[in-house]
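Undergrad: Quick one: structure below, then a few questions.
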Amino acid sequence: MQAAVVVFPGSNREQDVAKALGAVMGHAPHMVWHRDSEIPKVDLIVVPGGFSYGDYLRCGAIAAHSPAMREIMERAKAGIAVLGICNGFQILTEAGLLPGVLLRNACLTFVCRNVGLKVESSQSLFTNGYAAGQTLSIPVAHHDGNYFADDATLDRLEEKGQIAFRYCAGDGTLAEEANPNGSARSIAGVFNETKNVLGLMPHPENAVLPLQGSVDGQPLFRGMVEALS
Amino acid sequence: MKARVHITLKNGVLDPQGRAIAHALTGLGFAGVGDVRQGKFIELDLAETDRSKAKASVEAMCAKLLANTVIENYAIDLVD
């Protein structure tokens, strides 16, 4: 399996995700600079977290129109797996690859802590390492993670099984107190309709070593590598 | 020609920043402030001299980049 991680000016989790992925694949992913319009032939493209272009205009808005993103749009439409984490999720929504938008956190503060996460669907190449309903502890680190879409879109996402993860309490129940940013229907991650694109605000790449306090992110990387190898 | 673009959140989209501004104004003793909505103002210097072409061009800029039409509306004023 081959993977590529796209790097924008302001990306800051590209090494974290490259290491998490590399540890499972057995070799490092390609690192692709955002100005490159040619991405190597790979099975998975990761858009990492950070603050691309300083979050100017709107989070992810400028990065969404970079040469690398134009190529990623084409690949995604051809069925190649694309994973967007945190700022990567914001970029994928701005590019129109995923529905909805990430607004400023309802609490207005930057939230940086482990959150409870409920796996809504294990039926995807990204989440097949989990069981549906399983609860995880994964860190978030964002200022703009408040998922918003109109009610018709949210209903459609639920109906089509496009919700990947929801914020939850330790026992798996959904509660306002367990929603760190005010996201609509506690949504933390969504798939596109064909489920070859996943965007999520939490950072599974920062929950792969006991030293990081949780290894609940590991099955995501193992599951992806198994599905794509 | 200049184009002045006002970008505002659509009705029904929560605006936590606007709400914080409203709280701060009330805290400062400004009574009678109801809902506050925060938006963006962008001024563009355009080489185009034809008004209708300029308008069409800025419309396209808004749709593609300046506004996210999932959550935002935009209004364009052209100034000679």
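Undergrad: Which of rounded, prolate, oblate describes the stretch A:115-229, given a ≥ b ≥ c as roots of the alpha-carbon gyration tensor eigenvalues and a/c under 1.5 marking rounded, otherwise prolate only if a/b is larger than b/c?
TA: oblate
Undergrad: Keeping all protein chains in the complex and leaving out DNA, RNA and ligands, what accessible area do you get for B:TYR74 with a 1.4 Å probe, in Å² to the nearest 10?
TA: Approximately 70 Å² for this residue.
Undergrad: Using a probe radius of 1.4 Å on protein heavy atoms only, what is the accessible area buried between chains A and B, both sides summed, to the nearest 100 Å²?
TA: On the way: alone 9510 and 5590 Å², together 13850 Å².
Its buried surface, counting both partners, is about 1200 Å².
Undergrad: What lysines does A:LYS118 reach when the alpha-carbon gap must be under 19 Å and sequence neighbours fewer than 8 apart in one chain are set aside?
TA: A:LYS118 reaches A:LYS160, A:LYS195.
Undergrad: If you don't mind, another one. What FRET efficiency, computed as 1/(1 + (r/R0)^6) with R0 = 35 Å and r the Cβ-Cβ distance, is obtained for A:ARG35 and A:ARG113, rounded to the nearest 0.05?
TA: FRET efficiency, A:ARG35 to A:ARG113: 0.50.
Undergrad: Need one number: nm distance between label points at A:SER137 and A:ARG222, each 7 Å from Cα along Cα→Cβ, rounded to one decimal.
TA: 1.9
Undergrad: Can you tally the net charge around A:ASN206? Count Lys and Arg as +1, Asp and Glu as -1, for every other residue whose Cβ sits under 13 Å from the Cβ of A:ASN206.
TA: -1
Undergrad: Now a separate question. Which value, in debye to the nearest 20, describes the size of the charge dipole of chain A about its Cα centre when Lys and Arg Cβ atoms bear +1, Asp and Glu Cβ atoms bear -1, and nothing else is charged?
TA: 300
Undergrad: Take every Cα pair under 8 Å in chain B that's 6+ residues apart, average their separations, divide by the length, and report that relative contact order as a whole percent.
TA: Working: 102 pairs, mean separation 42.0, N = 80.
Dividing the mean separation by the residue count of chain B yields 53 percent.
Undergrad: Averaged per residue, what accessible surface does chain A expose to a 1.4 Å probe, in Å²?
TA: Counting only protein heavy atoms, the per-residue value for chain A is 39 Å².
Undergrad: What nm distance separates the two modelled labels at B:LEU25 and A:LEU174, each placed 7 Å from Cα along Cα→Cβ?
TA: Inter-label distance under the simple model: 3.4 nm.
Undergrad: Starting from the Cα of A:LYS19, draw a straight line to each of the aspartates and glutamates and keep only those under 15 Å, dropping any in the same chain fewer than 8 residues away.
TA: Answer for A:LYS19, where 15 Å is the Cα cut-off: A:GLU205, listed by chain and number.
Undergrad: Oh, and also: Could you work out how far apart the two model spin labels at A:ASP150 and A:ALA28 are, taking each label as a point 7 Å from the Cα in the direction of the beta carbon, and quote it in nm?
TA: 4.7
Undergrad: Can you list the residues of the stretch A:112-155 that have at least 50 square angstrom less accessible area with all protein chains present than in their chain by itself, probe 1.4 Å?
TA: A:PHE148
Undergrad: List the lysines whose Cα lies under 30 Å from the Cα of B:LYS55, skipping any in the same chain that are fewer than 8 positions away.
TA: Counting by Cα, and skipping residues close in sequence, B:LYS55 has these lysines nearby: B:LYS2, B:LYS10, B:LYS40, B:LYS64.
Undergrad: For the stretch A:3-228, which whole-number percentage of the solvent-accessible area (1.4 Å probe, protein heavy atoms only) is attributable to carbon and sulfur atoms?
TA: Carbon plus sulfur share of accessible area: 51 percent.
The values are calculated or read from the model by the stated rules, or taken from the named source; none is laboratory data. Note that the structure is predicted; figures quoted are calculated from it, not measured. Don't worry about glycine lacking a Cβ; one is built from the backbone with ideal geometry, like all the others, and counts go over all protein chains shown. The accessibility values were calculated without ligands, DNA or RNA, using every heavy atom of the protein model including side chains. Shrake-Rupley method; radii C 1.70, N 1.55, O 1.52, S 1.80 Å.
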